[in-house]
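Visitor: Got a structure for you, questions after.
The values are calculated or read from the model by the stated rules, or taken from the named source; none is laboratory data. Remember, it's a predicted structure, so these values are computed and weren't measured experimentally. For neighbour counting, all protein chains shown are included, and Cβ atoms are generated from backbone atoms with ideal geometry for every residue, glycine included.
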Amino acid sequence: MSIDDQKVGHVVSVKGSKISSVLIGGGMEQATALDAVQFGGLVKMKTRISSVFGMVGGMWITDPSVSPESAQKMVEIDMLGEVMHPEVTGTDACFQRGVSVYPPLGGEVLAVTPEDLALIYAPPRASAVRIGTIHQDRNLPGFIATDSLLGKHFAVLGTTGSGKSCSTALILRAILEENPNGHVVVLDPHNEYGPAFGERAEQINLSNLDLPYWLMNFEESVAAFVTSDGKDRETEIDILKDAILAARRKFLGPDENTDYVTVDTPVPYRLGEVQRLISDAMGRLDKTETSLPYLRLQTRMQALSTDQRFAFMFSGVVVRDTMVNILSRILRVPVSGRPATIIDLSGVPSDIVDVVVSVLCRMIFDFAVWSIDAKAIPVLLVCEEAHRYVPRDENLGFAPTRRSISRIAKEGRKYGVSLCLVTQRPSELSATILSQCNTLFALRMSNENDQEFVRTTLPDGADGLLAALPALHGQECIAVGEGVTVPMRLCFDTLEEAFRPKSGTAAFSQAWQKDYIDDWFIEDTITRWRRQQRDESEAAEAA
């Protein structure tokens, strides 16, 4: 019998999914085998019909006052799954989650063999892609099950600088490498993901974003157009509602049946027509309000339509129904070699960026809801800085955006819309939304609140493994949930330099080694600042 097959302990307690074992000692071979029993490592236990595998989630000495040689060493084991004996099933050995027969009290606890690890971490029989290697054996590849990962949402969590963006890009690239006709939409608030996909992504930014105002539903329109508070706010909302509804119906023409049109229906309308209707209502003699609410609405609409920062939404004298073109571009239909859409939100004015995110999320979900099942297009929506859109405090954030993402989290899987949440502040993220993510990739976390929050939202029992979060190396994560075979400590593959998202950390020591002999970049920066336009290609050419 090899050392790896040797007994390292015996079962002394079985409680729920946890087993306590006392380790045995003595002899050089047994001492070597005991070295394999490490925090986060795997062990196995025999039953009459199976081999049960568990992960070491805790280790302690019962009486620290005695000498280490004579002290009783204990471990706590989280049961993960089992391999049924081939003579029982009549099929080849295969690891499966869950335990049908528990190990008996006094039963042997054995060290796992390399063959055991290969069996446990074998690629799922369904579609799977490699994203890294296993911590216990760097020769064993780590796989994710594509359909389970995307079909039930997932999240990438970790503190700033832990590699969330690179890990997210690696996962997405691995999936799209095997599925070149995928449909991935990335909401990129910091302009990080542009290099990650290169020519395989449709790059949308402020210079080429086309998201006309008439795509907003009424709640989003209120956020864009209504600026007052209190009683005046309710008055402005009522005025705006009547005007937008009438303008939508008028756009269709007198010969069209407009009974189905509501204030939320994505039918085009002319902003000038809304302003005219508001002006007519202001001039009526029977109105009970003062003229101030009408004037405020008109002033706000005029300001938005003339401000170049909002040209992507409010420009253009001619209004056309371009909804087909807009959705085709965002959802990549046809894919045409670009399965990903990167929407750079860094240049969108802060006072309307939440409205833009809400419109995008809602359109993606509504399109899926109203698609014919046979022609439905599965879409993955990736939300960077997710805590901004679905914060834990329901009084924070933009309510329409929160509702749009919540609908995707709760109902998206029924319609083929998957969600990926990426954040460095897990404890500030909505627990309800995160709990809908059945797979978590947790990178290094030092904040205790974040660790505890992640632990309480786990879709899989791996408390002991998560205790290693503060000690993870770069490129390492704890992966748990439906998208992986078992909870695992995973080392991500290295992403090529050319495909890494832009780092948000300035290289001070490198930048401070040279002096700037002219001030061209200051002038260029001021020009873009004043125009509120990001044009990095011009800056690169000037350099």
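Visitor: Just for segment 448-473: of the residues that are modelled with pLDDT of 80 or more and not in a helix (DSSP H, G or I), which one is surrounded by the fewest Cβ atoms within 10 Å (Cβ to Cβ)?
Guide: Out of the qualifying residues, it is His473.
Visitor: Also, I was wondering about something else. Mind checking which residues of segment 512-543 are part of a helix (DSSP H, G or I), polar (S, T, N, Q), surrounded by fewer than 11 Cβ atoms within 10 Å (Cβ to Cβ) and modelled with pLDDT of 60 or more?
Guide: Matches in segment 512-543: none.
Visitor: Here is a list: Thr258, Thr265, Thr290. Which entry is over 22 Å from the mean Cα position of the chain (by Cα), within 19 Å of Asp210 (Cα to Cα) and not in a helix (DSSP H, G or I)?
Guide: Of Thr258, Thr265, Thr290, the one residue that is over 22 Å from the mean Cα position of the chain (by Cα), within 19 Å of Asp210 (Cα to Cα) and not in a helix (DSSP H, G or I) is Thr265.
Visitor: May I ask you to list the residues in segment 238-250 that are within 35 Å of the chain's Cα centre (by Cα) and surrounded by fewer than 18 Cβ atoms within 10 Å (Cβ to Cβ)?
Guide: Passing the criteria: only Lys241.
Quick grid of which residues meet (1) surrounded by fewer than 21 Cβ atoms within 10 Å (Cβ to Cβ); (2) outside any helix (DSSP H, G or I):
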{"position": "Tyr269", "(1), (2)": "no, yes"}
{"position": "Met313", "(1), (2)": "no, no"}
{"position": "Arg320", "(1), (2)": "yes, yes"}
{"position": "Ile326", "(1), (2)": "yes, no"}
{"position": "Val333", "(1), (2)": "yes, yes"}
{"position": "Val359", "(1), (2)": "no, no"}
{"position": "Ala368", "(1), (2)": "yes, no"}
{"position": "Ser371", "(1), (2)": "yes, yes"}
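Visitor: What's the total number of residues in segment 395-409 that are in contact with a Phe, Trp or Tyr (Cβ under 8 Å, 6 or more places away or on another chain) and hydroxyl-bearing (Ser, Thr, Tyr)?
Guide: Number of matching residues: 2.
Visitor: Residues Ser350, Ser406, Ser430, Ser435: which one is polar (S, T, N, Q) and buried (at least 22 other Cβ atoms within 10 Å of the Cβ)?
Guide: Ser430
Visitor: Which residue is modelled with the highest pLDDT, if the candidates are limited to segment 407-438 and must be more than 23 Å from Pro189 (Cβ to Cβ) and outside any helix (DSSP H, G or I)?
Guide: Residue satisfying both the conditions and the ranking: Gly416.
Visitor: Please verify whether Phe310 is at negative phi, of a type in the set (Phe, Trp, Tyr) and in the same structural domain as Phe218 (by TED's automatic domain parsing), treating the condition exactly as stated.
Guide: For Phe310, the condition - at negative phi, of a type in the set (Phe, Trp, Tyr) and in the same structural domain as Phe218 (by TED's automatic domain parsing) - is met.
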